[in-house]
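For reference, the structure discussed in these notes is given below.
The values are calculated or read from the model by the stated rules, or taken from the named source; none is laboratory data. As the structure is a prediction and not an experimental result, all values here were calculated from the model. We place every Cβ from the backbone using ideal geometry, glycine too, and count neighbours over all the protein chains shown. For the accessible areas, the whole protein counts, side chains as well, though only heavy atoms, and no ligand, DNA or RNA atoms are used. Shrake-Rupley method; radii C 1.70, N 1.55, O 1.52, S 1.80 Å.
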Amino acid sequence: MTTTSTVTAPDSRRVSKAAAPGTPPRRGRFKQGAGRQHHAGPFAYFALAVVGIGSLFPLYWTLVAASRTQDEILDTTPPFVPGGNLFNNLEAAWEQAHLGKAIWNTLVVSASITAATLFFCTLAGYAFAKMRFRGRGALMTAVVATLTIPPQLSVVPLFMMMSDIGWGGQLESVIFPTLVSAFGVFFMRQYLSEALPYELIEAGKVDGANNLRVVWSIVLPVARPAMMVLGMLTFVQAWNDFFWPYLALNQENPTLQVALGQLSASYVPDQSIVMAGALISTLPLLVVFVVFGKRIVGGIMSGAVKG
Amino acid sequence: MATSIPARGAPGSKPGRRVPKPMSPGRQAWRSRLWRFDDKASPYAYIAPFFLVFGAFGLYPLLYTGWIALHRVEMISLDRMEWVGWENFSRILQDPEFWTAVGNTFVIGVISTVPQLLVALGLAHLLNYKLRASTFWRTVILTPYATSVASAALVFALVFRADGGLLNWALDFIGLGDTNWANGHWSSKSAISVIVIWRWTGYNALIYLAAMQAVPSDLYEAASLDGASRWQQFRNVTIPALRPTILFTIVISTIGSMQLFGEPLLLEGGTIGAQGGNEHQYETLSVYLYNYGWKLGHLGPAAAVAWAMLALLLLIAAINWLVGRSVRKTSA
């Protein structure tokens, strides 16, 4: 995540970048950015509508398939509207794929990973943004460099280690390797170096607060908007993670994604049941997206550019 | 970079507004030593969790992989390691399936990354116009990002099915006949790229959009005063300004495409998916690793595959760096 450093907050260091990207101060007739001065024409709307339909259609198709029977969705003329078989399919998926357990496991895994990531990344991000210590630059580079290491490179020994310490097939084996994230450290550092004025920290210290106290009563309140965004991004990622959980967990103790994978790997799977499982795994995140979409969009835009 | 923080307790610093009563000199010295220790140690304490967790579950296993690659380790007896030297490496390097997987990973990487980033760039340009309901459009194109690999792969598997698949129905409808998507060499790779492109284009478009909005408007003002058309402005102002971001997305997408696993595994599911198709026509390196280690149960060769992936990653990084350097040179 080492890209341009062209974006700087104009005057105030305390603009909440995560909350309102895309609304820079505008002056004169010309607005910031390519094409900003032009209104979008009909072609632009048409193209966006095509891409939008392309983006949403597979989700709609998941719903249609989940609420039909296998015969109906594989018919020579596919049904284009949802049917009435949703609850039968959900029930079947529930039994075949340990869905109840899978939902609970996914919640436990995602919630603990999100909580830990927020805690550790805010602390580390604050240290990298505002504290001076030997080796700060080199260590930050090391953090960013870890982003480029694919998990594939370490899964074999990780699997052996986990079985060694008795976490084989347990949720711990999925939770612990993901307790921190390099992206999170980077994201919080970016935010705090702009949003947290030194004067505020100084004032706290003059009042006799030690470092932990400063973190608790000054840094955390300032960091809250960024923590919201990082929390949602982390939650989405933890919820959707597939590769390592698929290798680490087993059929009796799966997360939703693992259960889905195993459902489709079963002998001659019923597609409408598989789709019911897919619907269950996607729906909660879609709700999060509908409610917080604006913030997630803003978070991705603000996290990616600056560095 | 910033104003300095006066260290608390340092000689000369103000004692603070709320010092209740004077302390004995010994106590004061102790207190200031404590403060100084707090200032020195705190930053390291705050960053330590990241490095501890990464060290234990990232770096250590990464190095240990190399050691395992030199041993025979079987899934059924995880605690028995038997030294075999380079045998695992020669085994995979002589396996034609391994080279098929290398080629597939590369081809799928290219045909998913290139269109994805081009479309994302165009999309970002559209989103950068003055637009009604701009937040709505941004959220809509990002929605696939909220979908898991598993859900996306499974619904696309349904769309790409040979019998009763939605795509074949549509092709039939306009008179183009049927295709057995998963069976063909190019068609199966295209199907997998479609899944990747679907999930990541919106995400990349938003990254480009953010970079576009950071381009100073004076540049466009100057360009349009010079009579540059919109296309010329896009070509000569926007693209150069976005170059670091474009390079960044190329690196991230390349690393991502090296790891493709769920998409090929679930395209047909079952044992066919675990070997990447009847003729391994869409088997990627991750699927190959999984098949060797978890389906066949030979972890030694699987570890050797991991090292091959590392070598490939370094190769790609080197190419990226060389390309980036030559691009910088030609534009300078």
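General remarks:
- Region A:193-236, subset of a type in the set (Gly, Ala, Ser) and over 25 Å from the mean Cα position of the chain (by Cα), residue surrounded by the fewest Cβ atoms within 10 Å (Cβ to Cβ): A:SER217
- Looking across region A:269-282, the residues that are open to solvent by 10 Å² or more (accessible area, probe 1.4 Å), in contact (Cβ under 8 Å) with a residue 24 or more places away in the chain and farther than 30 Å from A:ARG295 by Cα come down to A:ASP270, A:GLN271, A:ILE273.
- When B:SER90, B:SER32, B:SER4, B:SER24 are screened for being at pLDDT below 95 and either open to solvent by less than 50 Å² (accessible area, probe 1.4 Å) or within 31 Å of the chain's Cα centre (by Cα) (or both), only B:SER32 passes.
- Subset of region B:200-218 that is polar (S, T, N, Q) and facing chain A (nearest Cβ under 7 Å) - its residue that is farthest from B:ASN236 (Cα to Cα): B:GLN213
- Screening region B:270-289 for residues that are within 9 Å of another protein chain (Cβ to nearest Cβ) and surrounded by fewer than 24 Cβ atoms within 10 Å (Cβ to Cβ) and picking the one that is nearest to B:ASN320 (Cα to Cα) gives B:ALA274.
- B:ALA302 surrounded by 22 or more Cβ atoms within 10 Å (Cβ to Cβ) and modelled with pLDDT of 90 or more: yes
- Matching residues in region A:174-189 - criterion: being in contact with a Gly (Cβ under 7 Å, 6 or more places away or on another chain) and open to solvent by 50 Å² or more (accessible area, probe 1.4 Å): A:ARG189
- Flag if B:ILE197 is more than 11 Å from every other protein chain (Cβ to nearest Cβ) and under 22 Å from A:GLY261 (Cβ atoms): no
- Looking across region A:223-269 at every residue that is out of contact with any Lys or Arg (no Cβ under 9 Å at 6 or more places or on another chain), modelled with pLDDT of 90 or more and more than 30 Å from A:MET160 (Cα to Cα), the one that is farthest from the other protein chains (Cβ to nearest Cβ) is identified as A:ARG224.
- Matching residues, region A:247-268, being open to solvent by 30 Å² or more (accessible area, probe 1.4 Å) and closer than 25 Å to B:SER286 by Cβ: A:ASN250, A:GLN251, A:GLU252, A:GLN262, A:ALA265, A:SER266, A:TYR267
- When A:ILE103, A:ILE165 are screened for being out of contact with any helix residue (DSSP H, G or I) (no Cβ under 7 Å at 6 or more places or on another chain) and more than 30 Å from B:TRP35 (Cα to Cα), only A:ILE165 passes.
- Applying the condition of being at pLDDT 90 or above and among the aliphatic types (A, V, I, L, M) to region B:240-249 and asking which residue is farthest from B:VAL107 (Cα to Cα) yields B:ALA241.
- Hits in region A:143-173 (condition: touching a residue at least 12 places away in the same chain (Cβ under 8 Å), within 24 Å of B:ARG80 (Cα to Cα) and either more than 9 Å from every other protein chain (Cβ to nearest Cβ) or open to solvent by less than 20 Å² (accessible area, probe 1.4 Å) (or both)): A:GLN152, A:VAL155, A:LEU158, A:MET162, A:GLY169, A:GLN170, A:SER173
- Residue that is in contact (Cβ under 8 Å) with a residue 60 or more places away in the chain and aliphatic (A, V, I, L, M), where the choices are B:LEU59, B:LEU121, B:LEU52: B:LEU121
- Positions within region A:42-87 being within 23 Å of the chain's Cα centre (by Cα) and in a loop (DSSP other than H, G, I, E, B), in sequence order: none
- Residue among B:GLY109, B:GLY66, B:GLY122, B:GLY58 that is buried (at least 17 other Cβ atoms within 10 Å of the Cβ), within 12 Å of chain A (Cβ to nearest Cβ) and either farther than 30 Å from A:PHE128 by Cα or not aromatic (Phe, Trp, Tyr) (or both): B:GLY58
- Subset of region B:224-236 [facing chain A (nearest Cβ under 10 Å) and over 17 Å from B:ALA124 (Cα atoms)]: B:SER224
- Residue in region A:123-142 that is touching a residue at least 24 places away in the same chain (Cβ under 8 Å), open to solvent by 20 Å² or more (accessible area, probe 1.4 Å) and more than 7 Å from chain B (Cβ to nearest Cβ) present: no
- Region B:94-109: number of residues that are free of Cβ contacts under 8 Å to residues at least 40 places away in the same chain and within 28 Å of the chain's Cα centre (by Cα): 5
- Qualifying residue in region A:92-114 (condition: open to solvent by 60 Å² or more (accessible area, probe 1.4 Å), more than 9 Å from chain B (Cβ to nearest Cβ), part of a loop (DSSP other than H, G, I, E, B) and of a type outside the set (D, E, K, R)): yes
- Looking at region B:100-208, the helices (runs of 4 or more DSSP H) lying wholly inside it that each contain 1 or more residues that are farther than 23 Å from A:VAL297 by Cβ and of a type in the set (Gly, Ala, Ser) sit at B:149-159, B:166-173.
- As a summary of the residue check, B:ALA317 satisfies the conditions (1) more than 9 Å from chain A (Cβ to nearest Cβ); (2) farther than 20 Å from B:VAL84 by Cβ; (3) at pLDDT below 95 except for the one numbered (1).
- Filtered residue count, region A:20-60, keeping only those that are at pLDDT 55 or above and more than 16 Å from B:HIS125 (Cα to Cα): 8
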